[in-house]
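See structure below.
The values are calculated or read from the model by the stated rules, or taken from the named source; none is laboratory data. The structure presented is a predicted model; accordingly, all values stated were derived computationally and were not measured. Ideal geometry is used to build each Cβ from the backbone, glycine not excepted, and the neighbour counts take in all protein chains shown.
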Amino acid sequence: MWINKIIKRDGREVELKLRGKALVLVDWANVYRWRDSLKKEVDAKLLYKSLKKYGEIKEIHLYHGEDDNEKSKLFLIEMREVGYKVISKPVKYVRFIMNGKEVSQRKCDFDLEIGLDCFENIDKYDSFVILSGDGDYATLYERLIGHKKQVIVVYASAHLGREIWQMKKGIFKIEIDRLLPECLIKNVPRVVKPRGEIEVTLAKKGGKVNG
């Protein structure tokens with residue numbers, strides 16, 4: 001078993017039983033979208049504090065796109081100050097036509113960076129904890145399991161890819177509101193942009209890493 005039952009300890013229902021030294025990788029764009037089903041937001045500062053309660057966790061990476069938005073810039077600065085190792089890269093805006101109007105959307109993927117970071121640290125860590133429900137990580141998890149590593153996926157309900165859901169051996173999956181309820185805060189209403197002002201970001205190739 002990879003969890004220990006806890007009774008009224010910091011409001012937590014379960015606690016991970018980590019094997020050896022652990023690396024945590026937070027796909028922030030994925031985590032941010034969990035608010036849609038949780039009806040609460042994951043507070044990144046509280047998340048870091050909660051994770052650091054585990055003595056086995058030696059490093060926590062946070063992946064987030066970098067653009068000219070002041071709020072986004074401030075977030076990256078704050079996350080470094082909190083203690084995260086922030087991995088960021090520039091984003092670009094892609095335009096297309098929708099309903100006869102030119103719009104743009106943003107999406108910043110860190111699949112490659114997260115995969116590389118796992119394997120660059122494969123001899124350093126025994127456990128890998130990934131906060132993301134993205135189904136694209138299935139191959140990565142299979143490779144880590146093949147290297148006899150403990151793989152733990154933290155996700156939110158309705159945000160777990162089918163490929164991950166179907167994995168049964170060598171992987172432990174747990175919902176964040178069961179594992180870390182103390183890092184969830186009241187959902188702040190989203191500001192809906194008029195059609196035509198939607199932003200979509202595709203990550204540029206070859207980003208940079210900031211510790």
Problem set entry | In segment 174-189, residue modelled with the lowest pLDDT [restricted to those that are touching a helix residue (DSSP H, G or I) at 6+ places or on another chain (Cβ under 8 Å) and surrounded by fewer than 17 Cβ atoms within 10 Å (Cβ to Cβ)] | 187
Problem set entry | Subset of segment 158-178 (residues that are more than 14 Å from the chain's Cα centre (by Cα) and assigned to a loop (DSSP other than H, G, I, E, B)) | 158, 166, 167, 168, 169, 170
For this session: Check segment 95-118 and report whether any residue there is modelled with pLDDT of 90 or more, part of a strand (DSSP E or B) and in contact with a Lys or Arg (Cβ under 7 Å, 6 or more places away or on another chain).
Result: no
Exercise. Applying the selection to segment 28-44, what residues are assigned to a loop (DSSP other than H, G, I, E, B) and either more than 13 Å from residue 180 (Cβ to Cβ) or modelled with pLDDT under 90 (or both)?
Worked result: 33, 39
Seminar exercise, completed: Filtering segment 1-27 down to residues that are more than 19 Å from residue 182 (Cβ to Cβ), of a type in the set (A, V, I, L, M) and at pLDDT below 90 yields 1
For this session: For residues that are loosely packed, with under 15 Cβ neighbours inside 10 Å and of a type outside the set (Asp, Glu), scanning just segment 59-71, find the one that is nearest to the chain's Cα centre (by Cα).
Result: 71
Problem set entry | The one condition in (1) out of contact with any Phe, Trp or Tyr (no Cβ under 8 Å at 6 or more places or on another chain); (2) closer than 24 Å to residue 154 by Cα that residue 67 fails to fulfil | (2)
For this session: Taking the residues in segment 81-96 that are basic (Lys, Arg) and under 18 Å from residue 60 (Cα atoms) as candidates, determine which candidate is surrounded by the most Cβ atoms within 10 Å (Cβ to Cβ).
Result: 89
Problem set entry | Criterion: closer than 21 Å to residue 15 by Cα and touching a Gly at 6+ places or on another chain (Cβ under 7 Å) - qualifying residue of 151, 91, 103, 129 | 151
Problem set entry | Lone unmet requirement of (1) in a helix (DSSP H, G or I); (2) of a type in the set (A, V, I, L, M); (3) surrounded by 13 or more Cβ atoms within 10 Å (Cβ to Cβ) for residue 74 | (3)
Problem set entry | Any pair with Cβ under 7 angstrom, 6 or more apart, that starts in segment 19-40 at a residue that is more than 20 Å from residue 127 (Cβ to Cβ) and ends at one that is part of a loop (DSSP other than H, G, I, E, B) and of a type in the set (A, V, I, L, M) | 34/156; 37/156; 37/158; 38/156
